[in-house]
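The values are calculated or read from the model by the stated rules, or taken from the named source; none is laboratory data. Predicted model, so just to flag it, every value in this text is computed and none were measured. Here Cβ is always computed from backbone atoms with ideal geometry, including for glycine, and neighbour counts include all displayed protein chains.
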Amino acid sequence: MITLIIPAGGQVSRVMQKLVEEYGTSSHIKSRVNRQSVQSAIESAQQKLKLCSKIPKNGLVLFCGTILTDDGKEKKVSIDFEPFTPVNNSVYLCDNCFHVEILTNLLKEMESSQTFGFIILDGNGCLFATVKGSQRTILHQFTVDLPKKHGRGGQSALRFARLRLEKRQNYLRKCTEYATQYFIDPVTHQCSANGGLIIAGSAELKSEFLESKLFDPRLAKAVIKVVDVSYGMEPGFNQAIELSMDCMSASHFIQEKLLLQHYFDQIAQDTGKYCFFIEDTMKALEMSAVETLMVWENLPVHRYVLNNTLTKEETVLYLTPEQEKNDSYFHDVATGVRLEVVERISLVEWLVNNYQRYGAKIAIVSDRTPEGSQFCRGFGGVGGLLRWRVDFLEMEVGTTSEADDDEIDWEGKEAVF
């Protein structure tokens with residue numbers, strides 16, 4: 001059974017390419033029945049996507065596979081629908097069941113998370129946005145060209161000043177109208193941002209906006225903070241979120257930023273109580289040294305369990321889509337035997353299912369914040385905060401030394417340990 005989730009703004013062509021790659025990878029499955037089942041489900045998904053010219057605004061969820069009916073008969077199913085809220089996760093899972101955990105988490109997040117509204121305005125434009133959980137949504141933005149103050153004009157100076165004030169008032173009127181349009185619920189006639197409104201801007205413009213008689217009193221009651229930002233539009237939105245952390249501490253979005261900031265502080269101070277990249281993180285996890293495990297929600301890595309049919313030895317590999325195309329990973333170097341794929345699973349899913357065995361806590365992070373993007377691109381999308389200091393370099397040196405010792409004939413020689 002294949003579970004395919006395409007995020008809002010995704011491209012059908014990229015997903016089709018991904019399915020072609022997965023179809024090729026499925027040829028490594030030794031069992032003929034399993035191989036045919038997987039390939040049949042992938043073909044069904046491809047046929048569904050051919051009928052879709054564009055991904056819906058909230059994304060697309062697709063379930064394809066063969067199920068057993070109440071009569072015990074096999075039946076092919078292909079279900080596709082647009083989720084009730086925008087999804088940001090790109091998921092491809094091939095298993096013996098359909099995975100709906102992400103949709104369940106979306107529902108829980110939708111029920112428990114507060115929505116915070118943001119209005120960012122300055123002399124160049126205005127932006128309206130919301131933050132709910134880990135979801136940031138820009139509702140509307142527009143630019144404006146306001147005349148600046150100047151001392152020219154002679155006898156017309158007063159007329160220029162009056163025109164400037166008129167355009168400024170028209171701009172503020174437009175901002176208040178959009179604020180009412182986007183933040184007043186048409187059903188309850190109350191502020192839709194149940195967490196509150198945050199007003200951000202530069203100079204005195206935001207104060208004029210708040211004191212304006214045109215600003216809806218229902219929204220004025222919902223204002224929880226006013227912050228000064230150095231930028232406008234989307235950069236100002238990011239800065240406003242950082243300056244509003246104290247009143248948004250319950251938001252998953254803010255908790256993620258605080259966790260990653262603490263993680264980067266540990267690296268900057270070189271405390272040794274951190275790890276990154278898959279190899280070191282898995283070593284620390286097996287040592288039960290990881291206190292908080294952090295993993296990117298869209299990490300494109302699969303965990304393979306390979307079996308050597310000749311020696312009966314099992315090997316665990318973590319492969320990216322590019323490495324999966326390299327057939328050398330599926331052959332034993334010493335014997336040349338083709339390795340049997342015992343298990344193939346997304347590393348993110350495996351960590352979510354097994355992190356408790358190692359006494360760790362897990363945090364699923366996104367790349368929608370500057371800290372999250374840095375973690376995903378610079379640190380491999382996998383890392384952790386450790387309970388104690390671990391020297392991974394010394395562990396590598398020790399392993400290398402042991403390997404060298406195996407090649408030396410120590411008979412008749414003295415060794416001091």
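Of all residues in the stretch 301-323, those satisfying the criterion of being of a type in the set (V, I, T) and in contact with a Leu (Cβ under 9 Å, 6 or more places away or on another chain) are V301, V305, T309, T315, V316. Whether a residue is within 20 Å of E297 (Cα to Cα), surrounded by 13 or more Cβ atoms within 10 Å (Cβ to Cβ) and not aliphatic (A, V, I, L, M) was assessed, and F375 passes this test. When the stretch 224-277 is filtered for residues that are among the small types (G, A, S) and in contact with an Asp or Glu (Cβ under 8 Å, 6 or more places away or on another chain), the ones remaining, listed by number, are G232, G236, G272. When the criteria are applied in full, E256 fails the requirement of being at pLDDT below 90, within 28 Å of L317 (Cα to Cα) and surrounded by 14 or more Cβ atoms within 10 Å (Cβ to Cβ). Restricting the stretch 214-236 to residues that are small (G, A, S) and in a helix (DSSP H, G or I), the residue that is surrounded by the fewest Cβ atoms within 10 Å (Cβ to Cβ) is A220.
Residue count for the stretch 297-315 under the criterion of being closer than 27 Å to R377 by Cβ, touching a strand residue (DSSP E or B) at 6+ places or on another chain (Cβ under 6 Å) and modelled with pLDDT under 90: the result is 1. Here are some residues: L51, L60. Which one is under 22 Å from the mean Cα position of the chain (by Cα) and either modelled with pLDDT under 90 or within 23 Å of L106 (Cβ to Cβ) (or both)? It is L60. In the stretch 117-137, the residue that is nearest to the chain's Cα centre (by Cα) out of those that are closer than 11 Å to F183 by Cβ and of a type in the set (A, V, I, L, M, F, W, C) is A129. Looking across the stretch 136-155 at every residue that is exposed (fewer than 11 other Cβ atoms within 10 Å of the Cβ) and farther than 30 Å from A193 by Cβ, the one that is modelled with the highest pLDDT is identified as K148. Out of the stretch 302-339, which residues are farther than 30 Å from V91 by Cβ, surrounded by 13 or more Cβ atoms within 10 Å (Cβ to Cβ) and of a type in the set (D, E)? Once the filter is applied, which keeps residues that are farther than 30 Å from V91 by Cβ, surrounded by 13 or more Cβ atoms within 10 Å (Cβ to Cβ) and of a type in the set (D, E), the stretch 302-339 yields only D332. When restricted to residues that are within 25 Å of D246 (Cα to Cα) and not in a helix (DSSP H, G or I), the stretch 169-213 contains 16. Against the test of being in contact (Cβ under 8 Å) with a residue 24 or more places away in the chain and out of contact with any helix residue (DSSP H, G or I) (no Cβ under 9 Å at 6 or more places or on another chain), the options A203, A193 yield a single qualifying residue, A203.
I need a count of the residues in the stretch 260-275 that are part of a helix (DSSP H, G or I) and either free of Cβ contacts under 8 Å to residues at least 60 places away in the same chain or crowded, with 18+ Cβ neighbours inside 10 Å (or both). Qualifying residue count for the region: 5. Taking (1) touching a helix residue (DSSP H, G or I) at 6+ places or on another chain (Cβ under 9 Å); (2) surrounded by 14 or more Cβ atoms within 10 Å (Cβ to Cβ); (3) more than 20 Å from D367 (Cβ to Cβ) in turn, E286 satisfies each apart from (2).
The residues in the stretch 4-36 that are among the polar types (S, T, N, Q) and within 16 Å of E324 (Cβ to Cβ) can be counted, and the count is 4. The sole residue among L103, L127 that is among the aliphatic types (A, V, I, L, M) and either farther than 30 Å from V227 by Cα or outside any strand (DSSP E or B) (or both) is L103. Considering the stretch 63-92, and only residues there that are among the aromatic types (F, W, Y) and either in contact with a helix residue (DSSP H, G or I) (Cβ under 6 Å, 6 or more places away or on another chain) or in a strand (DSSP E or B) (or both), the residue that is surrounded by the fewest Cβ atoms within 10 Å (Cβ to Cβ) turns out to be F81.
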